[in-house]
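Note sheet for the following structure.
The values are calculated or read from the model by the stated rules, or taken from the named source; none is laboratory data. The model shown is predicted, which means the values in this text are computed figures rather than measured ones. A quick note on method: Cβ atoms are made from the backbone with ideal geometry, for glycine too, and the neighbour counts reach across all protein chains shown.
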Amino acid sequence: MEIHVIHYLVISTIMMFCGIYGFFTRKNLLALLISVELMLNATNINFAVFNRYLFPGQLEGHFFTLFGIAIAAAETAVAIAIIINVYRNVKQILTDDITDLKG
Amino acid sequence: MDISAIFSTMQAEISLAVILIIMLLADLILKQPNHKALQGLACGLLVVQIALNIVPVTGEAFGGMFVNTSMSSIVKTVLTAGTLLVFMQADSWINREDSRHKAGEFYVLTLSTLLGMYYMVSAGSFLLFYVGLELASIPLACLVAFDKYRRQSAEAGTKFILNAMFSSALMLYGLSLIYGTCGTMYFADMTAMLTGTPLQILAMVLFFAGLGFKLSLVPFHMWTPDTYQGAPTSITAYLSVISKGAAAFALMSILVKAFGPMIENWSLLIAIVTVVTITLANIMAILQHDLKRFMAYSSISQAGYIMLAVLGADGQGMASLVYYVIVYIVANLAVFGVITTVEQHNNGRVDREAYNGFYKTNPHLSFIMTLALFSLGGIPPFAGFFSKFFVFASAFHAGHWLVVFLALVNTIISLYYYLLIVKAMYITPNDNPLPTFRSSGMTRACLVICLLGIVLLGICSNVFNTLSNVALL
């Protein structure tokens, strides 16, 4: 069977919505981070596939993928640093335990 | 294109990057007790930056990736001036015993978010826009979590970074769909390819969601009160004016420039979001007792008013948006300047009850606070009235009279809660009000500049005239 653009898109859409579902339902901050990573990687697949199959003459999509990966890594580093700081202060990284701020 | 043309087009970015490096080196070289010198250096360099780039530059670089118009030059200067005001009023917090050893980091991180906003407002392609947006939001997360040993600051930082990542992932998904349908990321080439197919409408909504998080418009506003309350007060001030102003300008210029053919789709979306934002934020603001949380809801409703200018979608709308942002910067920074100073002299209390009888002991500060709140509420002689008038006029001009009417009704509600603070300061009796104190020189200078802005920006009509002339060019 030949693999077409549609197969990739199905995978990336499933990944995207798994990520959104995880972001709304998980309680652990690291699990939230993993969900967001899933979403970011779904968009990377989209960019690479669109470039490869629909616009093979150009490189814009591949570049966007590269930038996306680099920036996602920077974001993850900062997020993990902040989560470690939460752990130092609260001794927990579950969302149920960080509820000091509410109005 | 030769290299000197690139230098002259990007001179604001290059000089800001140089300032960033100077601050980084100064932080390394200067020793501990020199935090005052560090602050003076940061403020002085920003004054130089404003002076160097006061004349608008136009031009393109890197094949249309970077586009500088006169309006985006003006916006950059305004954002720099706002950052300068934040630096000036931050001194009572950053020069405190427990945070002065990391003062250098504060300046470097703030300047790097400013650099990101520069790229955001003058992007000509979604790639540069995305990089700028992330450069503006990742260091901001570090700033929100700046008070390392305070539980609330860490919590606010977590909420901010996770929401920022989630929203940027949504936005990227939208951008990937745009790329799939258009085959280009450049705003200029995209306009011809956008026809309003369902996939493109989905992409536009996802893109709007990403910027809606930055602007804290209503369905995406949940992080705002928590982050504003937990972050250090000066960072809250920065978050509420500078980052919001840059996002508003970027949103409008992209919607008009790139999504121009889909105006019917997005103006309906923005009309609904605007009304819901203003109404919900006003209702929630009435219920707040913590002043920082209150200002968060106030800033959500102000973002709704800024969206009215986006509905205008022409030169006049652009001019009224920038004018609104300028007036909002001075008024909001005056309020936050007072909150920061009072917080330092009051063991970190920021609730409304702490301000009872404030006028008796600190008449000057309460006078400035009153005028700033009047301006935010839109009472006539002050600048806030004129800025509201212009955004209403531009939305009305585009035919959104129902939205304008609902926003007008909401202005009256907002007057009620702004005046609650004024009432607490002047009328509510208090047996032991805050003792009389004298704030630091920098803070006082900042408050005077804000006060002049509040009073003069409205009366000097040539400010808006200049902006609209530039916008119509």
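Summary of values
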read-out: Candidate set from the range B:297-343 (those that are in contact with a His (Cβ under 9 Å, 6 or more places away or on another chain) and part of a helix (DSSP H, G or I)); member that is nearest to the other protein chains (Cβ to nearest Cβ); value: B:Tyr297
read-out: Options B:Ser167, B:Ser153: the member that is more than 9 Å from every other protein chain (Cβ to nearest Cβ) and hydroxyl-bearing (Ser, Thr, Tyr); value: B:Ser167
read-out: Filter result for the condition that a residue is touching a residue at least 12 places away in the same chain (Cβ under 8 Å) and touching a Ser or Thr at 6+ places or on another chain (Cβ under 8 Å), over A:Ile80, A:Ile69, A:Ile98; value: A:Ile98
read-out: Filter result for the condition that a residue is among the acidic types (Asp, Glu) and more than 7 Å from every other protein chain (Cβ to nearest Cβ), over A:Glu75, A:Glu37, A:Glu60; value: A:Glu37
read-out: Count - residues of the range B:344-366 that are part of a helix (DSSP H, G or I) and either surrounded by 16 or more Cβ atoms within 10 Å (Cβ to Cβ) or acidic (Asp, Glu) (or both); value: 9
read-out: Flag for B:Tyr107 being hydroxyl-bearing (Ser, Thr, Tyr) and more than 13 Å from chain A (Cβ to nearest Cβ); value: yes
read-out: Residues (aliphatic (A, V, I, L, M), more than 8 Å from chain B (Cβ to nearest Cβ) and crowded, with 16+ Cβ neighbours inside 10 Å) located in the range A:78-96; value: A:Ile93
read-out: In the range B:294-331, the residues that are of a type outside the set (A, V, I, L, M, F, W, C) and under 16 Å from the mean Cα position of the chain (by Cα); value: B:Tyr297, B:Ser298, B:Ser299, B:Ser301, B:Gln302, B:Gly304, B:Tyr305, B:Ser320, B:Tyr323, B:Tyr324, B:Tyr328
read-out: Residue satisfying condition, being surrounded by fewer than 23 Cβ atoms within 10 Å (Cβ to Cβ) and under 23 Å from B:Ile459 (Cβ atoms), within set B:Phe392, B:Phe385; value: B:Phe385
read-out: Matching entry among A:Ile45, A:Ile6, A:Ile14, A:Ile69 (being more than 7 Å from chain B (Cβ to nearest Cβ), closer than 17 Å to B:Ser168 by Cα and surrounded by fewer than 17 Cβ atoms within 10 Å (Cβ to Cβ)); value: A:Ile69
read-out: Search result, residues across the range A:22-34 that are more than 10 Å from chain B (Cβ to nearest Cβ), out of contact with any Gly (no Cβ under 8 Å at 6 or more places or on another chain) and either assigned to a helix (DSSP H, G or I) or at positive phi (or both); value: A:Gly22, A:Thr25, A:Leu30
read-out: Residues being facing another protein chain (nearest Cβ under 10 Å) and outside any helix (DSSP H, G or I) - total across the range B:170-195; value: 4
read-out: Condition broken by A:Thr99, with the remaining ones in (1) part of a loop (DSSP other than H, G, I, E, B); (2) facing chain B (nearest Cβ under 7 Å) satisfied; value: (2)
read-out: Some residue of the range B:132-148 being crowded, with 24+ Cβ neighbours inside 10 Å, at the interface with another protein chain (Cβ under 8 Å from one of its Cβ atoms), modelled with pLDDT of 90 or more and in contact with a Leu (Cβ under 8 Å, 6 or more places away or on another chain); value: no
read-out: Selection status of B:Val330, out of contact with any Cys (no Cβ under 6 Å at 6 or more places or on another chain) and crowded, with 22+ Cβ neighbours inside 10 Å; value: no
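Residue-by-condition table, conditions (1) more than 19 Å from B:Ile242 (Cβ to Cβ); (2) out of contact with any Leu (no Cβ under 8 Å at 6 or more places or on another chain); (3) among the hydrophobic types (A, V, I, L, M, F, W, C):
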residue: B:Gln89; (1), (2), (3): no, no, no
residue: B:Arg96; (1), (2), (3): yes, yes, no
residue: B:Ser99; (1), (2), (3): yes, yes, no
residue: B:Leu109; (1), (2), (3): no, no, yes
residue: B:Thr113; (1), (2), (3): no, no, no
residue: B:Gly116; (1), (2), (3): no, no, no
residue: B:Ser122; (1), (2), (3): no, yes, no
residue: B:Ser125; (1), (2), (3): yes, yes, no
residue: B:Phe129; (1), (2), (3): no, yes, yes
